[in-house]
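Engineer: Encoded as structure tokens, here's the structure I'll be asking about.
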Amino acid sequence: MVTDSASDLPEAVLAELGIVVVPLTIRIGENDLVDGKDLTPTQFWERCANSPVLPETAAPAPGAFAQAFSWAAEAGHSGVICVTLSGALSGTFDAARAGASTGSSSIPIRVIDSRSVTMGEGLTVMAAARMAAEGKSLDQVAKAVESLVSRTRVYGALGGLDHLKKGGRIGGAQAFLGSLLSIKPIIEVRNGRVEAESRQRTRGRSLDYLVDKVRQHAPVEQLAVMHGDAPDLDDLLARIGAALPDQEVLVGDLGPVVGAHTGPGTMGVTFHTTS
């Protein structure tokens, strides 16, 4: 199982499921840093707080994916499923396809656009890795992943608009710009793009709104919460626990790839619907 570092999966999950991560690059000022190797989420947010310029991101080279696919073949795997972040937001999907077409790997490779990002992408990767571990065939896993892509929901409460606007990935969330400064924007990843979902008046209402989104789709197959150096993470988790006491929640850091465009304080929920 191969993915990219925008999936924001915790290290423990990657190790448990044997997932190979191809990292993106983060540029902060004059420094190019490899996501997950040169820069952890904690270090990223510290640098953001002290940097006068916003970070930028760059997709991996096709060769990085080709190397991951070759490693899988050498390790004795019979095939590879590679799930990437949305092709509408990054060139990573195209890079993975180019890497797969080099012929450097002797096993079949399926590259699938998650049409999502952060742990929305990550939950699909986890599900695929578990199916592979259960002995499902390459075709079976690929078909299941395609189904999950259409059933993935991602909602986020932004800490602000500066990163999203200047980062160039704002998409339909452009509708927020020029609005009252007091609004607390909610965004959604829809059809692979970042779109404006709603406006809330307070941070508390924003968190309640995220919980309501999960509750509206309950029961969900998997729920994750991701945050970018958000001081009120425990508040959101408490609200989810009160509303959905039996729901397991995977918590992860919002990493540099997504955090570069959404900014500090951003929190989100992502889940797979059952239909």
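Engineer: Mind checking which residues of segment 122-147 are of a type outside the set (Val, Ile, Thr), closer than 29 Å to residue 236 by Cβ and in contact with a strand residue (DSSP E or B) (Cβ under 6 Å, 6 or more places away or on another chain)? Don't jump to the end; show me each part of the working.
Structural biologist: In the first step, residues of segment 122-147 are kept if they are of a type outside the set (Val, Ile, Thr); the result is 122-123, 126-140, 142-144, 146-147.
Among the residues that remain, those that are also closer than 29 Å to residue 236 by Cβ are: 122-123, 126-130, 147.
Within segment 122-147, 123, 128 meet the criteria.
Engineer: Find the residue count for segment 236-263, including only residues that are of a type in the set (Val, Ile, Thr) and either closer than 14 Å to residue 44 by Cβ or in a strand (DSSP E or B) (or both). Spell out the reasoning first.
Structural biologist: Applying the first criterion (of a type in the set (Val, Ile, Thr)) to segment 236-263 yields 240, 249, 251, 257-258, 262.
Filter again for either closer than 14 Å to residue 44 by Cβ or in a strand (DSSP E or B) (or both), leaving 251, 257-258, 262.
Looking only at that region, the number is 4.
Engineer: Here is a further query. Please indicate, with yes or no, whether at least one residue in segment 214-222 is in contact with an Asp or Glu (Cβ under 6 Å, 6 or more places away or on another chain), closer than 27 Å to residue 11 by Cα and part of a loop (DSSP other than H, G, I, E, B). Even if it seems obvious, please write down each step before you answer.
Structural biologist: Applying the first criterion (in contact with an Asp or Glu (Cβ under 6 Å, 6 or more places away or on another chain)) to segment 214-222 yields none.
No, every residue in segment 214-222 fails to be in contact with an Asp or Glu (Cβ under 6 Å, 6 or more places away or on another chain), closer than 27 Å to residue 11 by Cα and part of a loop (DSSP other than H, G, I, E, B).
Engineer: If you don't mind, there's one more thing I want to ask. Can you give me the number of residues within segment 218-229 that are more than 16 Å from residue 241 (Cβ to Cβ) and surrounded by fewer than 17 Cβ atoms within 10 Å (Cβ to Cβ)? Can you show your working first?
Structural biologist: So the first thing to find is which residues in segment 218-229 are more than 16 Å from residue 241 (Cβ to Cβ), and the list is 221-222, 226, 228-229.
This time we only want the ones that are surrounded by fewer than 17 Cβ atoms within 10 Å (Cβ to Cβ), so: 221.
Summing the residues that are more than 16 Å from residue 241 (Cβ to Cβ) and surrounded by fewer than 17 Cβ atoms within 10 Å (Cβ to Cβ) in segment 218-229 gives 1.
Engineer: List the number of the failed condition for residue 21; all other conditions in (1) without any contact (Cβ under 8 Å) to a residue 24 or more places away in the chain; (2) surrounded by fewer than 17 Cβ atoms within 10 Å (Cβ to Cβ); (3) of a type outside the set (Ser, Thr, Tyr) hold.
Structural biologist: Result: residue 21 passes all but (2).
Engineer: Condition first: at pLDDT below 95, assigned to a strand (DSSP E or B) and not aliphatic (A, V, I, L, M). Now tell me which residues in segment 8-33 satisfy that.
Structural biologist: 27, 31, 32, listed by residue number.
Engineer: Identify the residue in segment 46-83 that is assigned to a helix (DSSP H, G or I), free of Cβ contacts under 8 Å to residues at least 24 places away in the same chain and over 23 Å from the mean Cα position of the chain (by Cα) and, among all such residues, is surrounded by the most Cβ atoms within 10 Å (Cβ to Cβ).
Structural biologist: The residue in question is 74.
Engineer: Considering only segment 233-244, how many residues are in contact (Cβ under 8 Å) with a residue 12 or more places away in the chain and either small (Gly, Ala, Ser) or over 20 Å from residue 10 (Cβ atoms) (or both)? Steps first, please.
Structural biologist: Step one: of segment 233-244, the residues in contact (Cβ under 8 Å) with a residue 12 or more places away in the chain are 233, 235-237, 239-240, 243-244.
Checking the rest, the ones that are also either small (Gly, Ala, Ser) or over 20 Å from residue 10 (Cβ atoms) (or both) come to 235, 239, 243-244.
Number of matching residues: 4.
Engineer: For segment 114-135: of the residues being of a type in the set (Gly, Ala, Ser) and in a helix (DSSP H, G or I), which is surrounded by the fewest Cβ atoms within 10 Å (Cβ to Cβ)?
Structural biologist: As a first pass, look at segment 114-135 and keep what is of a type in the set (Gly, Ala, Ser): 114, 116, 120, 122, 127-129, 132-133, 135.
Narrowing the set further to residues that are in a helix (DSSP H, G or I) leaves 120, 122, 127-129, 132-133.
Values: 120: 31, 122: 30, 127: 21, 128: 26, 129: 23, 132: 22, 133: 12.
Ranking the candidates gives 133 first.
Engineer: Give 148, 164 a once-over and let me know the one that is at pLDDT 95 or above, within 30 Å of residue 199 (Cα to Cα) and not in a loop (DSSP other than H, G, I, E, B).
Structural biologist: Within the list 148, 164, the selection yields 148.
The values are calculated or read from the model by the stated rules, or taken from the named source; none is laboratory data. Just so you know, these numbers come straight off a predicted model, no measurement behind them. Note that we place each Cβ from the backbone using ideal geometry, even for glycine, and neighbour counts take in every protein chain shown.
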